[in-house]
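Engineer: Here it is, the structure in full.
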Amino acid sequence: FFLSFFCLLGPIGWSDAMNCHIPVCTSCGARWVDTVFRPQCVECGCGALLVPCVICDGQCGAVWRRDVELSHSMHMAHWNGECRLDKEQQALLIYRKETQNMTPDDMAEAFADVL
């Protein structure tokens, strides 16, 4: 109740330190405390306060929590959690996510230092 009431009132009169912990997006105004987020907003990212594992999209069953302070200060979604899949599976999933939209030229540039 307190968080919903506090967010309803808004940050008027509160210090910047206190504002860092308000579960509301500082970029678009989405009320994370009400499980509202805007996927097109970089600060909102893929969810409000809780999301399925961001590495495996929830395959492992883990739930990650938003780091509200870091999301606010960086204006980009940040999550705290741990994937329950083994490290090799995690590495493969991360590689696939990072490279799924890359063109052959992007790939060549990304791996130029390795080759």
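Bear in mind that the values in this text are calculations on the coordinates, not laboratory data. Model, not experiment: these values are computed from the prediction.
Engineer: List, in order, the whole-Hz ³J(HN,Hα) value for each residue of region 24-29 obtained from phi through the Karplus relation with A = 6.51, B = -1.76, C = 1.60 and θ = phi - 60°; use x for Gly and Pro.
Structural biologist: Values, residue by residue: 9, 5, 7, 8, 10, x Hz.
Engineer: Mind checking the full-extension length gain between T26 and R65? Use 0.36 nm per residue of separation minus the Cα-Cα distance, one decimal, nm. Could the numbers behind the result be given before it?
Structural biologist: Details: separation 39, 0.36 × 39 = 14.04 nm, distance 1.75 nm.
Extra length available between T26 and R65 comes to 12.3 nm.
Engineer: Which cross-chain or sequence-distant (5 or more) residues have an amide H under 5 Å from the amide H of W79, H modelled 1.01 Å from N in plane?
Structural biologist: D67
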